[in-house]
1. Would you please list the contacts, defined by Cβ atoms under 8 Å and residues six or more apart or on different chains, that run from a residue in region A:35-48 that is over 16 Å from A:Gly172 (Cβ atoms) and within 13 Å of another protein chain (Cβ to nearest Cβ) to a residue that is assigned to a loop (DSSP other than H, G, I, E, B) and of a type in the set (A, V, I, L, M, F, W, C)?
2. Would region A:108-126 turn up any residue that is more than 18 Å from A:Lys320 (Cβ to Cβ), modelled with pLDDT of 95 or more and in contact with a Phe, Trp or Tyr (Cβ under 8 Å, 6 or more places away or on another chain)?
3. Which residues, counting only those in region B:54-65, are surrounded by fewer than 24 Cβ atoms within 10 Å (Cβ to Cβ) and either within 14 Å of chain A (Cβ to nearest Cβ) or over 10 Å from the mean Cα position of the chain (by Cα) (or both)?
4. Only one residue in A:Leu32, A:Leu62, A:Leu54, A:Leu26 is touching a Gly at 6+ places or on another chain (Cβ under 6 Å) and within 13 Å of chain B (Cβ to nearest Cβ). Which one?
5. Sort out which residues of region A:9-49 are over 27 Å from the mean Cα position of the chain (by Cα) and among the β-branched types (Val, Ile, Thr), and write them in order of number.
6. With respect to the numbered conditions (1) assigned to a helix (DSSP H, G or I); (2) loosely packed, with under 14 Cβ neighbours inside 10 Å, which one is the sole condition not fulfilled by A:Ala307?
7. Among the helices (runs of 4 or more DSSP H) confined wholly to region A:185-294, which include 2 or more residues that are modelled with pLDDT under 95?
8. Among the residues that make up region A:11-20, is at least one of them more than 14 Å from chain B (Cβ to nearest Cβ) and touching a residue at least 24 places away in the same chain (Cβ under 8 Å)?
Amino acid sequence: MYLTKEEERIYDGEHGWANQICMKILVRLGELFSATRLIPISSAHISGVSYKTLGDAPAEFLERLADADGKARVKATLNPQSFDPEYLEKRLPKHIREKQFNILRQFEKMGFTQSLTCTPYYLEKPKRGSHLAWAESSAVVYANSVLGAWTNREGGPSALAAAIIGKTPDYGMHKAENRKPNILAKVETPLQNEAKFGALGIYLGKILEDNIPIIQGLKNVSEEKLKQLGAALATTGMVNMFHCDIHLEGGKMEKISVEAGDIKRTIEDLSTSSKTKPKLVFIGCPHCSLNEIRQIATLIRGKTVEAGTEFWVCTSRYVKKKAEDYVKKIEKSGGHVLTDMCTIVSWTEMLGIKTIMTNSAKTAYYAPTLNKVETVFAPLKQCLKTVLER
Amino acid sequence: MRQVTLNGRAIVEGRCEAQALVSTKPISFLGGVDPTNGKIVEKNHDLNGEYIKDKVLCFPHGHGSTVGSYVLYSLASKDQAPKAIVNQTADPVVVVGAIIADIPMIDRIDINQIRTGDTVEVDAYAGVIKVLKRRET
């Protein structure tokens, strides 16, 4: 791999341990994937922020990096943590809160933006064609497919190293030739809601591995539905990108077709329970857009959340602030608009939650193992019908 | 005994001589290895119950969460880490873990040539492993 004089100096330790270890990570990973150089990035997004998923091991490394003066050189955002600061924090034991705050403190010391969201693109949209080093698989697929930015699917540590160096090895999704579709997926059945887009993602992810599909036959597409599709694709597959531009030439490539039965079966499999009354109805995986919060507030129509049931809408602080009026309506109904956190990396077991209903295919897929709950998977309208008093 | 020499690719530099601990299965450091003492706790793993401390840990490749890299760092800071890592195919999780934990690492090695209990010499400057002494059977 070719390194500039300055990069070599960093590699040799002239700019301190923190920069040296980060440069080593990038160079070794670059070599692993046959990159020939490093390229500048416009932003980094770091996964592995929740104490629940991280445990104690990473804090030690983050502390050492921060103490050694590691500093983000580019805009660097953080994935959600394990609780909301207002509603859930007080319900968790002190030692958990402190461990979580310690992790956040280290990131803050290093100059990372405390965005605490899996949808950093709602805070600042990356430019089309810009190079990024993003972890958080749902954001990676969204950036590549919907925003037209270029990023590999980084892991927590490699995104961290890229943030501190401000560069990433030039391989994979940073190369135009690797962004072309190589398989055609024809959807032969109408997908009426976001849950069906999510189910399509779960179904295709299992088949596609790391291939890049053109998905044809999608109607009434919105950015939010594509967000559900992408998050689900990345849940079951190593897919980094999809195309859904019908004008793209398919050329000679393998074709698969998706029938109504495939979607139906996938939806059924994503629900582990149909009878149990959910203790929690959760919307906001990935974090809600302003549009989605508006839609929820409108659909509530002044009704109230049933006693004994929790209704959570997760988003970023930034979007919550912009959605103030809608947030008031949701909160008036008895629902909670929670920020900074993600339900699947939060402590739902400790809150006695045994069944989660959600419109997110990604959550429905992960929650049985990560949260040890039963799941009910259904579109937003049905979720609201369940949680609101008639 | 004819000495077995295996040539691979050096990933993290270093040198050591130690006993090999060999697995035919991938290892997930997050969830699969106890970060406090280096015990392999993954269910149905062929090394379940074994400690990786001070061993030359040979396995095909890593799998699972990228948080696994930090587990290797944590083990090293508690002096519970392996002396070296030998993989068939290096993957990002283990590579990053070995770098930040400063554990010598080599890949592109046919690990079937090494058996648990063998005494091996790892030269992770040159990317060479020598089996010095076979485990007594």
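1. Taking only residues 6 or more apart or on different chains, the pairs are A:Ile46/A:Phe112; A:Ile46/A:Ala135; A:Ser47/A:Ala135; A:Gly48/A:Ala135; A:Gly48/B:Val67.
2. No, region A:108-126 contains no residue that is more than 18 Å from A:Lys320 (Cβ to Cβ), modelled with pLDDT of 95 or more and in contact with a Phe, Trp or Tyr (Cβ under 8 Å, 6 or more places away or on another chain).
3. Hits for region B:54-65 are B:His61, B:His63, B:Gly64, B:Ser65.
4. Working: A:Leu32 fails: touching a Gly at 6+ places or on another chain (Cβ under 6 Å); A:Leu62 fails: touching a Gly at 6+ places or on another chain (Cβ under 6 Å); A:Leu26 fails: touching a Gly at 6+ places or on another chain (Cβ under 6 Å).
Unique residue meeting the criteria: A:Leu54.
5. A:Ile10, A:Thr36
6. Condition not satisfied by A:Ala307: (1).
7. Qualifying helices (runs of 4 or more DSSP H): A:194-208, A:223-236.
8. Residues of region A:11-20 that are more than 14 Å from chain B (Cβ to nearest Cβ), as a first pass: A:14-16.
Narrowing further to those that are touching a residue at least 24 places away in the same chain (Cβ under 8 Å): A:16.
Among the residues of region A:11-20, at least one is more than 14 Å from chain B (Cβ to nearest Cβ) and touching a residue at least 24 places away in the same chain (Cβ under 8 Å), which makes the answer yes.
The values are calculated or read from the model by the stated rules, or taken from the named source; none is laboratory data. Source: prediction; values computed, not measured. All Cβ positions, glycine included, derive from the backbone under ideal geometry; neighbour counts span all protein chains shown.
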